[in-house]
1. Would you tally the residues in segment 61-81 being closer than 20 Å to Ala149 by Cα and open to solvent by 20 Å² or more (accessible area, probe 1.4 Å)?
2. Can you pull out the residues in segment 201-250 that are under 21 Å from Pro358 (Cβ atoms) and not in a loop (DSSP other than H, G, I, E, B)?
3. For Gly221, which of the numbered conditions (1) crowded, with 16+ Cβ neighbours inside 10 Å; (2) in contact (Cβ under 8 Å) with a residue 24 or more places away in the chain fails to hold?
4. Name the single residue, out of those in segment 232-279 being among the β-branched types (Val, Ile, Thr) and within 18 Å of the chain's Cα centre (by Cα), that is farthest from His330 (Cα to Cα).
5. How many residues does segment 412-424 contain that are open to solvent by 50 Å² or more (accessible area, probe 1.4 Å) and touching a helix residue (DSSP H, G or I) at 6+ places or on another chain (Cβ under 9 Å)?
6. Of everything in segment 37-79 that's of a type in the set (Phe, Trp, Tyr) and modelled with pLDDT of 95 or more, which residue is nearest to Asp132 (Cα to Cα)?
7. Identify, from the list Glu391, Glu353, the residue that is touching a residue at least 24 places away in the same chain (Cβ under 8 Å), open to solvent by 50 Å² or more (accessible area, probe 1.4 Å) and assigned to a helix (DSSP H, G or I).
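The values are calculated or read from the model by the stated rules, or taken from the named source; none is laboratory data. What you are looking at is a predicted structure, and each value in this text was computed from that prediction instead of being measured. Cβ sites come from the backbone with ideal geometry, for glycine too, and all protein chains shown count toward neighbours. Accessible surface areas use protein heavy atoms only, side chains included; no ligands, DNA or RNA. Shrake-Rupley method; radii C 1.70, N 1.55, O 1.52, S 1.80 Å.
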Amino acid sequence: MKKLLSAAALLLIAGGAARLLLWPADDIGPPAAANTLTPAALVARGAYLAKAGDCMACHTTRGGAAYAGGRALQTPFGSVVSPNITPDKEHGIGAWTADDFWRALHNGKSKDGRMLYPAFPYTNYTKIQREDADAMFAFFQSLPAQQQANRPHELRFPYNQQIALAAWRALYFKPAVYRNEDKQSVEWNRGAYLVQGLGHCSACHSSRNTLGGTDDGLSGGLIPILGWYAPSLTSDAEAGLGDWDSGHIAQLLKTGVSPRATVFGPMAEVVQASLQHLDDADIGAMALYLKTLPGPSEAKEAPVPDTSSSTKAQLAAGAKLYETHCVDCHQADGGGKPPAYPPLAGNRALTGEEAVNPIRIVLNGGFAPGTAGNPRPYGMPAYGPLLNDNEVAAVVTYLRASWGNKGGAVSALDVNRYRSVPLD
């Protein structure tokens, strides 16, 4: 009997410990500062912050009502479908309070206590300040209510179980509002707040492990659901901005083009839908913060040049293809005609360890975003229908190995892998 009682006590203790570890009490965060804005000004502030957070990108389907949800985000674990966040009381957040909305952003939990999947980037949004969350809630409550029912997620077992999500959160999530660094300027802290929190830049620009966990270090990583590589923002060998002029960084964020680079792929959508709408002060703050991010302690070694006869033949074929299809815009010396036609010589987007981005651009075309600062963007046509896998591999290999570039060779198998990756 004593053994049974001891075993029962141990089970209760273990269960209680597991309950505390996997289902901790919500962190309510610091109290909100007193609101001095008029209702109209609060809604306007929330609309601005929703743009900064690019909320529409996930919560609006193509051709659908704004913020009515329904967009399926394909993850390695299955499909996560974004919810309706209009003020419809049945399907949206019309029955929510500001506290409920804060709980979702700060703690990653719905009104009913259900844990949310981190495809909704609450691991970043947890850093949002309470007064900003309240402004965003006021904006969403001001929208027309959309009676669009939410679709269930389609996740594989065990990822569709709340206990599995609780275990993931115990490993990779801890609520934490952004705290200013006293040694840094007001502008730097504003930029850090936007990049780390609302902008959720690490959601793409960090590598993830097999469970989807990330260190939020902006060290770069492949975005499997989009088939693009988000380069490191700390390494000057990739997209690090330490040697950039701050004005050029701000120009790239605001317009999508600059003398140093042009954004394509998913980042073009971010600039078009979100960043171009931020005021110059916030863009400047983000540029300042990004420029100061530390680089890695050790630079990666350039690949050893492949001098085999097969690679020489591939480079020769690539040179001919470049002469036929590319030289008019990008020039014989790879210098391009920026900002309309970006330079290829010294272009770090070409020479990274991952060649997925240049492959995708050659296959599907490169299109800078249309913005107020770049209203008539130039685009590069898609060569996927015209060139076969071997030809695309040849021209990308040539681009990565010419004009001082030191990127490795690309195979036809690499190209074929990304022909079938969805664009959306």
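1. The qualifying residues number 10.
2. Gly221, Leu222, Ile223, Trp228, Tyr229, Ala230
3. So Gly221 meets the others, but not (2).
4. Thr234
5. Summing the residues that are open to solvent by 50 Å² or more (accessible area, probe 1.4 Å) and touching a helix residue (DSSP H, G or I) at 6+ places or on another chain (Cβ under 9 Å) in segment 412-424 gives 5.
6. Tyr48
7. Glu391
Let's see how each residue does on (1) in contact (Cβ under 8 Å) with a residue 60 or more places away in the chain; (2) aliphatic (A, V, I, L, M):
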site	(1), (2)
Tyr193	yes, no
Gly213	no, no
Gly217	no, no
Trp244	no, no
Val263	yes, yes
